[in-house]
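The values are calculated or read from the model by the stated rules, or taken from the named source; none is laboratory data. From a predicted model like this one, the values you see are computed outputs, not experimental measurements. Positions of Cβ are backbone-derived with ideal geometry, glycine not excepted, and every protein chain shown enters the neighbour counts. Side chains included, ligands, DNA and RNA excluded: accessible areas come from the protein's heavy atoms. Shrake-Rupley method; radii C 1.70, N 1.55, O 1.52, S 1.80 Å.
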Amino acid sequence: QILDVVEHVPGYPFDAAVAFLKAMQQLYGWASPVPTPGFFGPKNPDLITVATGPNSEDSLQVPIGSFRVPGVENAIRTVIDSHDGQPTFFVVGKVRKKEHDVLRELVRLAKSIMKSESIYRGKALRVPVDDDGELRRDLQPAFIATAHINPDELVLSRDVQMQLDTSLFTLVRHTAACKEHKIPLKRGVLLEGKYGVGKSLTASVASKVCVDNGWTFILLDKVQGLTDALEFAKAYQPAVVFAEDIDRSTEDRD
């Protein structure tokens, strides 16, 4: 019996595409795509360049298309399509009932790799937001370079520095100890002051502290995406979400 199988890997589709490629390599030692038959002849796989870090050399060529999998007679396909209104990575195919477990194991491993080896977890990211306040999952997040950031350049009053250390930096630098002593990591920090007092520099330093300690740092290009970004952050936690000009989230500014 032939079944139409559709499996999806939740999360950013580019992250899922890399995880699927690694799953193929782990299970079979290779991930060689094949042309997809079509009305106008075979269609070669698409190669997309997925950024994996802030430097120009930090990227992978990831094929999207048809693959031959040992134990499955027909070729399977990977596609990026809409799911609940958001671009999502799918694995689809026409497989025999006895072959379905092979495909499910491949997708299960891809999901596991996304959790343990995500290209976004523990990195500093700038995430695009559309006019409706939703993350643009059809666009890749931009990686923020943190190697050049010098935390010593952030000079604050002793009182402000103590509040930041207590509410942010200590939680990131000593996460395990905070958990051991049941100190909650979930916080909200509001930075307020005139231009030039160090709000953006504080965010910059926070991005470096996060990356140096295995946290994900997420910078929004529009504050309207804060709600969606907090949901996104759950997949890559522990994480810090930073939004500038929080007062722009309301129409009435005072």
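Determine whether the range 80-87 contains at least one residue that is open to solvent by less than 40 Å² (accessible area, probe 1.4 Å) and at pLDDT below 90.
There is at least one residue in the range 80-87 that is open to solvent by less than 40 Å² (accessible area, probe 1.4 Å) and at pLDDT below 90.
Name the single residue, out of those in the range 58-75 being touching a residue at least 40 places away in the same chain (Cβ under 8 Å) and surrounded by 15 or more Cβ atoms within 10 Å (Cβ to Cβ), that is farthest from VAL5 (Cα to Cα).
The qualifying residue farthest from VAL5 (Cα to Cα) is LEU60.
Of all residues being open to solvent by 60 Å² or more (accessible area, probe 1.4 Å) and not small (Gly, Ala, Ser) in the range 151-161, which is farthest from GLY193 (Cα to Cα)? Just the residue, please.
Checked the range 151-161; the qualifying residue farthest from GLY193 (Cα to Cα) is ASP152.
Filter the range 129-169 down to the residues that are in contact (Cβ under 8 Å) with a residue 12 or more places away in the chain and under 20 Å from ALA16 (Cβ atoms) and list them by number.
Result: GLU134, LEU135, ARG137, ASP138, GLN140, PRO141, ALA142, PHE143.
Taking the range 174-198 only, how many residues are under 25 Å from the mean Cα position of the chain (by Cα), in contact (Cβ under 8 Å) with a residue 12 or more places away in the chain and within 17 Å of ALA243 (Cα to Cα)?
Number satisfying all stated conditions: 3.
Anything in the range 3-57 that is modelled with pLDDT of 85 or more, assigned to a strand (DSSP E or B) and open to solvent by 20 Å² or more (accessible area, probe 1.4 Å)? List them, or say none.
Correct list: ASP4, VAL6, GLU7, HIS8, LEU47, ILE48, THR49, ALA51.
Tell me, yes or no, whether the range 174-188 has at least one residue that is surrounded by 14 or more Cβ atoms within 10 Å (Cβ to Cβ), modelled with pLDDT of 95 or more and touching a strand residue (DSSP E or B) at 6+ places or on another chain (Cβ under 9 Å).
no
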